[in-house]
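What follows is one structure encoded as structure tokens, with my remarks underneath.
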Amino acid sequence: MPPEGTAVAGATDGSQYSFAVEYNGPPVTYDIPRAVPINVEKIPVAAVVSQVPLSETLSLPVVQPVLASASLRKNFSKELELLGSSKTTVSPTSVIAFERSGSGGDDGGDSGDSGDSALSKELELGSGATVSPTSVIAFEERSPENRDGGCALSGELSSSGALEFSNTNFESGELSDLANSSRVLGSSSISHEHSQELLVGAGSSSTIEFSDSFDKSRGRSLRTLRETSGRNESLDLNDLNQSDWASTESVLSLDYPSSRVSSIKAADCNNVLISDVRRPQVVTFRDIESDGGADEEFSMDEPEIRPAVKREPQTKGKKGSCYRCFKGNRFTEKEVCIVCDAKYCSSCVLRAMGSMPEGRKCVTCIGFPIDESKRGNLGKCSRMLKRLLNDLEVRQIMKAEKFCEANQLPPEYVCVNGKPLCHEELVILQTCPNPPKKLKPGNYWYDKVSGLWGKEGQKPSKIISPHLNVGGPIMADASNGNTQVYMNGREITRVELRMLQLAGVQCAGNPHFWVNEDGSYQEEGQKNTKGYIWGKAGTKLVCAVLSLPVPSKSVNTYGEPLSNQLSRSVPDYYLEQRTLQKILVVGYNGSGTSTIFKQAKILYKDVPFSEDERENIKLRIQSNVYGYLGILLEGRERFEDECLAEMRKQRSSCKTEPIGNSDDSDDKNLYSIGPRLKSFSDWLLKTMVSGNLEIIFPAASREYAPLVEELWNDAAIQATYKRRSELEMLPSVASYFLERAVEILRMDYEPSDLDILYAEGVTASNGLTCVDFSFPQAASDDLIDAGDQHDSLTRYQLIRVHARGLGENCKWLEMFEDIGLVMFCVSLSDYDQYASDADGSITNKMLLTRRFFESIVTHPTFEHVDFLLILNKFDLFEEKVERIPLTQCEWFDDFHPLISRHRSTSNSNSINHNPTLGQIGFHYVAVKFKRLYSSLTGKKLFVSPVRGLEPNSVDAALKYAREILKWDEERGNFSLSEYSIYSTEASFFSH
Amino acid sequence: MSVAELKERHVATTETVNSLREQLRQRRLSLLDTDVAGYAKSQGRTPVRFGPTDLVCCRTLQGHTGKVYSLDWTPEKNRIVSASQDGRLIVWNALTSQKTHAIKLPCAWVMNCAFSPTGQSVACGGLDSVCSIFNLNSPTDRDGNLPVAKTLIGHRGYVSSCQYVPEEDTHLITSSGDQTCVLWDITTGLRTSVFGGEFQSGHTADVLSVSINGSNPRMFVSGSCDGTARLWDTRVASRAVRTFQGHKGDVNCVKFFPDGNRFGTGSDDGTCRLFDIRTGHQLQVYQQQHGDKDEPSVTSIAFSISGRLLFAAYGNGEFYVWDTLLAEVVLNLGSLQNSHEGRISCLGLSADGSALCTGSWDTNLKIWAFGGHRRVL
């Protein structure tokens, strides 16, 4: 018997021995390191596997040397181990040898004739280690045949899985089986025959009968792989629990080589499969197919099947035992994986489930959708976990389990009126004020007018919020009624008809009703309301008896939705994550990023600034005004000095003239102030110089407000104010505030939105500020078609960062990789202004902006991000460009506005026919930036002019940004030319 | 004195300083007859050797949904706090690999986190320029979020790193993009002292990292984008005790050597260096030869408890274990089978030195420890 078995085994498994050949070389002790490069040949080897004839010749010589030196092998394996330790990769082949020798050693001690069995086993192992599909199939085929002896054997045979639990128990059990019962052997040889069949006729029709198990076994073999690797990772968790961390020495021990082995095997069948959990399944399958030459159809439909396939745990050991340690029985307390239904005992659960980022799932199941039948148990903790972990930990796990995205109800599983939902529809359904409770996958019907909701083919079960835009139109046979009475186009059920009759609704003559959400009903085609179905107290009772739904109170009462919000099934956080579009606003200093940010806040937030913020802003504005005053006073001193000097000069020149001017009036001039104001002025200047203005400030306003009034009204100050253009320090916005200085510095001053917009330094000038908003669904917003209802769900986050530190070597720009769009602000009116750059040299601000633009645009983080150029301060620019030529900035020296004449003849687009110089200038600058951008990145730059202080202008720019983000999503459907009006306009200058 | 005159003087002075600096460097070079590795070799030391199970990944902490940017261990219990770009701090139990707290941050752009010495609170800072303190024992609010216990406001740039002063739950040192380091009093929420800044001799670029001397908590060292590391005495805020030059790129990470007399740095120039704080000398450069390719920047470093090993994570995903004595790479954890898939952004050693935790851009943290001699089969 045995020889027969071996012969068969040799013949069948010989195909795998193309590997083994390579092993034969190594037995000479130290050559083994050279096994490493063999790795590369893995794939070609796998291809060879399917070639049966070749292998037959190779099989015998391969096996013998292995047997011959069992003891030698042992050393060999040790060496291998060592080798494995020093090298990071071990070829799969060496793994096999290792395994083989281990079992060989055991055999040698046991019995003489176990040699044969060992041989066959090795062969099996060998085949298993190569993860050829056939070996797995053999296992699958056989295990039902002989359950009795199969346990151990199947364990052995199940390829890679065998490595870990091939402890001596199993081995010896298996050995005895092999030695004593020929039946088992026979069966195993049968299995070999099967596998041989498979191998030989891989592509032929003979495989068809196996195809069923083939599928399954594929899944399982892969699972085995995954299981093993997963297990290795978490192997010692439990030990750790039991013993102290400090004594980690043995505790932390991992089956290091074995983990490597398993992953190598994984790599063997598929290079990709190393630690990615989800992908390998598909890919490996193909791999196996190509090996086995299975039918093409399989590979065709596999990807579609995959998501629906229920993951099944690998069951080993007896029924009811732990899936990991195979100990215990049905009555031991176990935790269940919510994906694959694997059950683990308390000592294994932490190893098997790891850190449970998605709740109670095996490590290998993370990321997979849960078993829908277990949805009810989400977030309900078992006693076992509570015992194993502390309260905080359990709470985190349960929270993750309930709220993590992978565990949410997949929208396509819910069909409403015959149409599977998309994500947005599901969100609408779950976030409405009165959602269907405990939504499970299935087919539902939904009456949008009345809000009635039920399972398809059944009577209504609930009345939810009406008018939700989910699913298709309701079908007449949605609830499978046969009463001929229709309600909102649905034939109602007998129970409903009964209810209607009891509620006193006239149902004779098979009427068609329109029922509104408040229960008012009318006959189809008629105007007058005939009554309210649920109006009478008795009706509700009837409904309760017939177990029909009645409208919940929350529809009527107003306060209810709030509490519903809290109890609703989908957490905000995960919705947010899905629908948040991030827009980054950057710009050189003074380009108006903060104005745009504030404007967005005012535009889209119900409460743009909280009480606290307003208070802070008020203080900020007031201290700013003091600052401006200080600058004025400084200016006044200067002017006074100049004036005095002038006067002295005059006087000295006129000294000869004997005019008896009074000495006192000598020093008086237009810019002089009284002593009281003088002392105030001195104090203010002193505090400013010392930089304490903000510290002493709130108290100061109380004390000095009246003085300020006096000061402001003083002629000297007014005279100075008239010459404000000579004070470089004074920002342009200062006049806005200074004119109202008296009002602003009162204690009861409340800053208006406009004040806030104008105010400097309100948004933190350092660091980062962000605001979340969504565009209001305005009626006038005709840009969006009505179908885009879910658009209101999309939330946007405007993030403003300060330019400082955003240089080339910026350490944190990479944090913004998930940005959808960058809005780069440029102050158009900067073209004639100068600032000192990092090196201290004075440079045109527009050039500095350009430099900054270049560094941002070319930053690797933004490689795939669209840019929207905001040309800000267009109003200032329009006014300024008339006075100061744009060519002031050397970058714009080829600006020839005369082109406008040519323009007026040739174009007929949105801009009026006589564009102002400002508009021409804007387009010119836009084209400059566009060219720069496309030369740097090869992409298209979007441009929008903005007047930061005008809400409509900023609104338009942000809506433009939204459009760009949308286009981005649908890029494939549009051709580039359709994108931007601006590009066509602006390209006039490109000749 | 006119502005032009002042400028002239400034230029002249800068030149003088530079020449003096150069002289200093020359002098140092001439005094430096050997480095650690050379001496160790001459003494016949051999590099540490690693068995296959000596350092293995024994746990994967999954739960973050964004890049992990920072982590810190508690000194006594085995808990870890990690900060991630998903805007959360997660406190882990390293033994069970379970989370105990998941703190949603008001500002999602967090760059660092720290555990307080007693393990009662955690601190974090980021692009919002403030350092937020969370008390782990305080009750959560209605939405299950932990409220901010204290906000330390005062930096004018992002907070790049923070560390509690050892043995003190009330003091914290932060470094910031505004070129300063600040010692905070947490109870009052005010700055105790500011190191560097406009008027003082401090860093001339963003400070990226601080490390407090374990044996003398009054001393700390900071690393900056200006390519230097500076040693500070918390009692003397006005000027740095010593400035350590040598790096040719931003110093991303500084870490005190366990004995407190040396510290290591990791830099954008691809090198790690060991400096002695008493002499100011550079003791050793740890550099892998990459030919003419760009050197991958060092993102984070840590010393083993004995100081013999230096763990260094690189921008290209490599993760070397250096023998500090012989300046040889003795292990490349990045190439191990179950290593991170993304760049390793932070590492930390548990207080007893028994485990190393790494945080990566692949959103996971992994704990590495001695694997023991357990039989494989």
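The values are calculated or read from the model by the stated rules, or taken from the named source; none is laboratory data. Keep in mind it's a predicted model, so treat the numbers as computed, not measured. Positions of Cβ are generated from backbone atoms using ideal geometry, with glycine treated the same way; all protein chains shown enter the neighbour counts.
Observations, loosely collected:
- Residues considered: B:TYR320, B:TYR286. Of these, the only one that is away from chain A (no Cβ under 14 Å), assigned to a strand (DSSP E or B) and among the hydroxyl-bearing types (Ser, Thr, Tyr) is B:TYR286.
- Checked against the criterion of being within 14 Å of chain A (Cβ to nearest Cβ) and at pLDDT 90 or above, the candidates B:LEU356, B:LEU274, B:LEU331 yield just one match: B:LEU356.
- Residue within the stretch B:298-317 that is at pLDDT below 90, surrounded by fewer than 20 Cβ atoms within 10 Å (Cβ to Cβ) and within 13 Å of chain A (Cβ to nearest Cβ) present: yes
- Yes/no for A:LYS598 being modelled with pLDDT of 85 or more, basic (Lys, Arg) and either outside any helix (DSSP H, G or I) or surrounded by fewer than 17 Cβ atoms within 10 Å (Cβ to Cβ) (or both): no
- Applying the criterion of at least 1 residues that are among the hydroxyl-bearing types (Ser, Thr, Tyr) and within 13 Å of chain A (Cβ to nearest Cβ) to the strands (runs of 3 or more DSSP E) found wholly in the stretch B:139-186 leaves B:148-153, B:159-164, B:171-176.
- Set side by side, the residues A:PRO303, A:PRO313 differ, and just one is buried (at least 20 other Cβ atoms within 10 Å of the Cβ) and at pLDDT below 65, which is A:PRO313.
- Complete set of residues in the stretch B:93-115 that are over 23 Å from A:LEU580 (Cβ atoms) and β-branched (Val, Ile, Thr): B:THR96, B:THR100
- Residue satisfying all of: in the stretch B:55-81; more than 17 Å from B:LEU136 (Cβ to Cβ) and in a loop (DSSP other than H, G, I, E, B); nearest to the other protein chains (Cβ to nearest Cβ) among these: B:GLN62
- Matching residues, the stretch B:100-111, being modelled with pLDDT of 90 or more and more than 8 Å from chain A (Cβ to nearest Cβ): B:ILE103, B:LEU105, B:VAL110
- Residue within the stretch B:216-234 that is over 15 Å from B:ALA114 (Cα atoms), more than 13 Å from chain A (Cβ to nearest Cβ), of a type in the set (Gly, Ala, Ser) and in a strand (DSSP E or B) present: yes
- Of all residues making up the stretch B:1-32, the number that are of a type in the set (A, V, I, L, M), touching a residue at least 60 places away in the same chain (Cβ under 8 Å), assigned to a helix (DSSP H, G or I) and surrounded by 10 or more Cβ atoms within 10 Å (Cβ to Cβ): 0
- Any hit, the stretch B:72-81, residues being out of contact with any Pro (no Cβ under 7 Å at 6 or more places or on another chain), more than 30 Å from A:ALA400 (Cβ to Cβ), of a type in the set (Phe, Trp, Tyr) and touching a residue at least 24 places away in the same chain (Cβ under 8 Å): no
- You will find that of B:SER84, B:SER132, B:SER97, B:SER116, the residue that is within 21 Å of the chain's Cα centre (by Cα) and either within 10 Å of chain A (Cβ to nearest Cβ) or in contact (Cβ under 8 Å) with a residue 60 or more places away in the chain (or both) is B:SER84 and no other.
- Selection of the stretch A:359-386 for residues being within 13 Å of chain B (Cβ to nearest Cβ) and crowded, with 24+ Cβ neighbours inside 10 Å yields A:GLY359, A:ARG360, A:LYS361, A:CYS362, A:THR364, A:CYS365.
- Unique match (being aliphatic (A, V, I, L, M) and either outside the structural domain of A:CYS415 (by the TED database) or closer than 16 Å to A:LEU548 by Cβ (or both)) among A:LEU468, A:LEU439, A:LEU452: A:LEU452
- Hey, B:GLY154 small (Gly, Ala, Ser) and surrounded by fewer than 22 Cβ atoms within 10 Å (Cβ to Cβ) or not: yes
- Pick from the stretch B:158-174, criterion more than 14 Å from B:LEU127 (Cβ to Cβ) and not aliphatic (A, V, I, L, M), ranking: surrounded by the fewest Cβ atoms within 10 Å (Cβ to Cβ): B:GLU167
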